[in-house]
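Novice: Take a look at the following structure, please.
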Amino acid sequence: MRIRRSLIDLDDLTPRELAYVFERTEQFEAAPPGALLDGFGCVNMFFEESTRTFTSFNLAELRLGAAVVNLAPRDLSLATKGETLEDTALTLGALGVSIIVVRHHEPGFPQRVALAFDGHVVNAGDGVHAHPTQALLDIYTLLEEFGELKGRSVGIVGDVLHSRVAHSTIRGLQRLGAAVVLIGPECFLPHDYADEGITIERDFDGVLPQLDAIVLLRIQRERFVEMPITDEEYVSGYRLDERRLAQLRSEAIVMHPGPYNRGMELDDSVLEFAGWRYLKQVHHGVGIRMAVLDFLVNGRR
Amino acid sequence: MRIRRSLIDLDDLTPRELAYVFERTEQFEAAPPGALLDGFGCVNMFFEESTRTFTSFNLAELRLGAAVVNLAPRDLSLATKGETLEDTALTLGALGVSIIVVRHHEPGFPQRVALAFDGHVVNAGDGVHAHPTQALLDIYTLLEEFGELKGRSVGIVGDVLHSRVAHSTIRGLQRLGAAVVLIGPECFLPHDYADEGITIERDFDGVLPQLDAIVLLRIQRERFVEMPITDEEYVSGYRLDERRLAQLRSEAIVMHPGPYNRGMELDDSVLEFAGWRYLKQVHHGVGIRMAVLDFLVNGRR
Amino acid sequence: MRIRRSLIDLDDLTPRELAYVFERTEQFEAAPPGALLDGFGCVNMFFEESTRTFTSFNLAELRLGAAVVNLAPRDLSLATKGETLEDTALTLGALGVSIIVVRHHEPGFPQRVALAFDGHVVNAGDGVHAHPTQALLDIYTLLEEFGELKGRSVGIVGDVLHSRVAHSTIRGLQRLGAAVVLIGPECFLPHDYADEGITIERDFDGVLPQLDAIVLLRIQRERFVEMPITDEEYVSGYRLDERRLAQLRSEAIVMHPGPYNRGMELDDSVLEFAGWRYLKQVHHGVGIRMAVLDFLVNGRR
């Protein structure tokens, strides 16, 4: 079995490949690329619910002309018939499937698929670990705004600890030279980033005026048993609202990987804010995923 | 955001547009129309189970060349991640989705989607409220039979109160000049139609010989806690059977939106009756839905 | 309604048709066949979970250009709205659906669909009864290996009693002249095959050196309440392992319909065995299903 290219985390792309994916995204958004995946079988296995990521992968695959099969968890022999994940992956390869897009709550699950599968695997989110296509569209949105990220300061606010998006995005931002500030209450802040040249900040208000971009995060309630901080405390310290928006630099932008919870990490004034870029991020999701799939299968042209 | 055309209830179509949709249905049934929705993303969100409507929308979309994504309720971040319906709709718009087809048990749900979504929404049934594409295929079937509906008498029999089909169909029939008779036991009859020039009738047998067409309805047991009438009473007063078929005018036809419950609202003799049009209705469902989707997206040509 | 060709069990194909399906499989594997089902609606109704069969039917249909609709059990009005299976089948026919692929735990279910449906039905597994496309790909794999099956000895090992695969495959093997040996503990062996010229064997080790091919079966735990034999007894008597592999003829092959349970019916040494043909079987699944669908719809050319 020859090793195929997969995208498990952002590190799987060299700087040159990253630039290529962004270049293709721009091309694909400008004009539909045609059937670059014609004849390729593509299986989406989403073990966790998803609106944005599921829909955008489906659209990206269909627009590239792939043969798309959605395997719901209940369809899988994994659970009920005692088949190992590795054997399911081998089997899909033997069926002629070329691409597996997988979301699972277990960190490392997509990597296990990739090791067994004779094809390309795209991680569409694995628990608290990584979500590389989300990171790509976040960074693409930032690059579109600022041209380059060197010297830019990006604040990631909220439940950083349980956010796979944050983990992937932080790596990408560092690689492109941005300064990353992780902001949140003690209970949501990771400690292992401390020695990687990343700033940790508990005081959102204090750091607000220095940021070029803010990435708000949803509190991942499904990832812990009990909320470690009261809603009131969180809102008071970290919700982005009109008062805090007023502290931002004039050209600063606000992003969110979605879904966002109105009233918690943001209030409605954010949704009307001129620098609110959420819908742009979502929009780039389809182009980014087309570019990733095309790159994995067809390589650089 | 510019306002796009949606189909929430039959009133959303002018008489001229109604005629156009029927004309296109005839054309599309005669010859496959080709990829009129090529490049358009179409999301089906069915929060209630459906065989007929789900399958016919899927077939209509695929036959028009759309990129079709089926979002099952469990896929949606709505439920588990606290996203509002409006934000889901905005998000799908940003993903480049052009059409949302939505079925939900909550009346007004598709309208809420339409208000937030930058695209076209088709109501595929919202609780007891409306089901406009079903009404369109009902009316198309009647027009095919009778040429025009002026002066024709159409009886709608059974659980009119809980039937979204009845509500939409009644409006359409009135607009086209048919006389509508609502027939059923007290508990299933609405009262607010009384002053709209619609006849209410409890005596099915008495009115039978005057009807040109009968639309039988299924008792929507899923919409109430306790059956307000015994099965025996219902069958005795309202089941269409051989004896009652014999009272019909010779050219009268019998319709049903499906699914029908053999033994309750009809017995097997109806299924062999020369005027039974259920399968024709079902057949027109695909053509009608192709015509609606094409009209909403491409307008009149 | 004219009778359409369906594939409920292997007996539905004459020897000549069987040969034709195999010939087309070879052609379709060599070069993609193009849109032989263009314009045909195809509904997959899987009432039991499936990875292999579901994915391979989907890929086969998409590669032939069919309009593919997947109806999950929860989508069906069958369960919640009291519609009979026959009426669902009639309805799908009226919608213009040409092909129904159905898996259900109830033996005879696909046959019931076929009797009511004005189109083609393919049985994708009905309880313990039959699984004809799996049998076809098993036989195709054997033919590919041995050229012809006359005089060849094929051992089917394990839970033969609850295996629909075994039932269909046994018929096919007999028709092609192979000697069939059913091997397993008393509790898993059928008795009604005794007088059909099939050998029943409880001693796996004794018969091993005479076999040209072995078909291992999964113990269908979901089909009985209590395991009628301990895992240790089963493993000791019937698990294929390194020691038993060494007893095989040099050119013998080992097959499995999948999913297989490592540690039960086989150990990991089988997966590295030169004669292990599981992935070939899986691979042929797509070609076989394309060939079957094409044959049912388009006939012999």
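Novice: Given a Förster distance of 51 Å, report the FRET efficiency between B:Arg175 and A:Glu144 from their Cβ-Cβ distance, rounded to the nearest 0.05.
Specialist: According to the calculation, E is roughly 0.55.
Novice: Could you list the residues of the range A:257-298 with an amide nitrogen less than 15 Å from a label point located 7 Å from the Cα of A:Asp12 in the Cα-to-C-beta direction?
Specialist: Within reach of a label on A:Asp12: A:289-298.
Novice: Could I ask something else about it? Which residue, B:Gly127, B:Gly275, B:Leu143, has the largest displacement toward the positive end of the dipole of chain B when charges sit on each Cβ (Lys, Arg +1; Asp, Glu -1)?
Specialist: Of the listed residues, the answer is B:Leu143.
Novice: For B:Leu279, place a label point 7 Å from Cα along the Cα-to-Cβ direction in every copy; what are the distances to the other copies, in nm, shortest first?
Specialist: Shortest to longest, the spacings are 4.9, 4.9 nm.
Novice: Round to a whole angstrom and tell me the spacing of the C-alpha centers of the range A:202-227 and the range A:1-63.
Specialist: With the range A:202-227 and the range A:1-63 each reduced to a Cα centre, they are spaced 29 Å.
Novice: Determine the dipole magnitude for the range C:3-88: charges of +1 sit on the beta-carbon of Lys and Arg, -1 on that of Asp and Glu, nothing else is charged, the reference point is the Cα centre, and the result goes in debye to the nearest 20. Mind showing how you got there, number by number?
Specialist: Details: 8 positive and 15 negative charges, 44 e Å.
The dipole of the range C:3-88 has a size of about 220 debye.
Novice: Averaged across the residues of B:279-288, what count of C-beta atoms belonging to other chains lies within 10 Å of each residue's C-beta?
Specialist: 3
Novice: How far is B:Glu186 from the same spot in each other copy, in nm, shortest first, if each label point sits 7 Å from Cα toward Cβ?
Specialist: 6.9, 6.9
Novice: Put a dot 7 Å past each Cα toward the Cβ at B:Thr230 and C:Asp268; how far apart are the dots in nm?
Specialist: Distance between label points: 6.9 nm.
Novice: Let me ask another. Using +1 on the beta carbon of Lys and Arg, -1 on that of Asp and Glu, and nothing else charged, what's the dipole of the range A:132-281 about the Cα centre, debye to 20?
Specialist: The dipole of the range A:132-281 has a size of about 480 debye.
Novice: Let me ask another. Have a look at the DSSP beta bridges in the protein assembly as shown and tell me what percent are antiparallel, nearest 5.
Specialist: Percent antiparallel among DSSP bridges in the protein assembly as shown is about 0.
Novice: FRET efficiency for A:Ala19 and B:Ala19, Cβ-Cβ distance as r, R0 = 45 Å, nearest 0.05?
Specialist: The pair A:Ala19/B:Ala19 has a calculated efficiency of 0.25.
Novice: Using only alpha carbons, build the gyration tensor for the range C:132-281 and give me the equivalent ellipsoid semi-axes, biggest first, whole Å.
Specialist: 21, 18, 15
Novice: Using only DSSP helix segments of four residues or longer, with each worth -39500 (n - 2.57), what per-residue ellipticity at 222 nm results for the protein assembly as shown after dividing by its residue count and rounding to 500?
Specialist: One gets -11500 deg cm²/dmol as the mean residue ellipticity at 222 nm.
Novice: Within the range A:26-61, whose backbone N sits under 11 Å from a point 7 Å along Cα→Cβ of C:Arg301?
Specialist: No residue qualifies, since no backbone N sits under 11 Å from the label point.
Novice: Quick one: grab the alpha carbon gyration tensor of chain C, order the square roots of its eigenvalues as a ≥ b ≥ c, and give me rounded if a/c is under 1.5, else prolate or oblate depending on whether a/b is larger than b/c.
Specialist: Note, shape of chain C comes out prolate.
Novice: Sequence-distant or interchain residues sharing an amide H contact under 5 Å with C:Ala67, placed H: which?
Specialist: So C:Ala67 has HN proximity to C:Gly39, C:Phe40, C:Gly41, C:Cys42.
Novice: Can I ask one more? What's the average, rounded to a whole number, of partner chain beta-carbon atoms within 10 Å of each residue's beta-carbon in B:56-67?
Specialist: Values: counts 8, 1, 8, 9, 2, 2, 5, 4, 0, 0, 1, 7.
Taking the mean over all residues of the peptide, I get 4.
Novice: Placing +1 at every Lys and Arg Cβ and -1 at every Asp and Glu Cβ, with all other atoms neutral, what dipole size does the protein assembly as shown have around its Cα centre, in debye to the nearest 20?
Specialist: 2360 debye
Novice: Let me ask something additional. Please give the helix C:15-30 orientation as an angle from the longest Cα principal axis of chain C, in degrees from 0 to 90, rounded to the nearest 10.
Specialist: Its long axis makes an angle of about 90 degrees.
Novice: Next question. For the range A:1-108, what mean projected area does the convex hull of the alpha carbons give, in nm²?
Specialist: 8.0 nm²
Novice: I've got another one for you. By the gyration tensor of its Cα atoms, with a ≥ b ≥ c the square roots of the eigenvalues, what is the shape of the range B:168-214: rounded for a/c under 1.5, prolate for a/b over b/c, or oblate? Don't jump to the answer; show the numbers that get you there.
Specialist: Details: a/c = 2.04, a/b = 1.15, b/c = 1.78.
In terms of gyration-tensor shape, oblate.
Novice: Next question, about the same structure. Give me the angle, in degrees from 0 to 90, between the Cα long axis of helix B:85-94 and the longest principal axis of the Cα atoms of chain B, rounded to the nearest 10.
Specialist: 50 degrees
Novice: Would you mind computing, in nm to one decimal, how far apart the modelled labels at B:Arg4 and A:Gln27 are, each placed 7 Å from Cα along Cα→Cβ?
Specialist: 2.8 nm
Novice: Could I ask something else about it? Mind running the shape call on the protein assembly as shown? Use the C-alpha gyration tensor, a ≥ b ≥ c as the square roots of the eigenvalues: rounded below 1.5 for a/c, prolate if a/b tops b/c, oblate otherwise.
Specialist: The shape class here is oblate.
Novice: What GluC sites (Glu not before Pro) in the range A:113-220 are in a loop by DSSP, with at most 16 other Cβ atoms within 10 Å of the Cβ?
Specialist: For GluC sites (Glu not before Pro) across the range A:113-220 that sit outside H, G, I, E and B with at most 16 neighbouring Cβ atoms in 10 Å, the list reads A:Glu148.
Novice: If r is the Cβ-Cβ distance from B:Ala246 to B:Leu279 and R0 is 35 Å, what FRET efficiency results, to the nearest 0.05?
Specialist: On the way: r = 22 Å, r/R0 = 0.64.
Once the sixth-power term is evaluated, E becomes 0.95.
Novice: 5 Å is the cut-off here: which amide hydrogens, built 1.01 Å from N in the peptide plane, fall below it relative to A:His120, excluding neighbours closer than 5 in sequence?
Specialist: Excluding prolines and chain starts, which carry no amide H, the hits are A:Ile99, A:Ile100.
Readers should treat all values here as calculations from the given coordinates under stated rules, not as data from a laboratory. Values in this document were obtained by computation on a predicted structure and should not be read as measured data. Quick reminder, even Gly has a Cβ in these numbers, built from the backbone with ideal geometry, and neighbours come from all protein chains shown.
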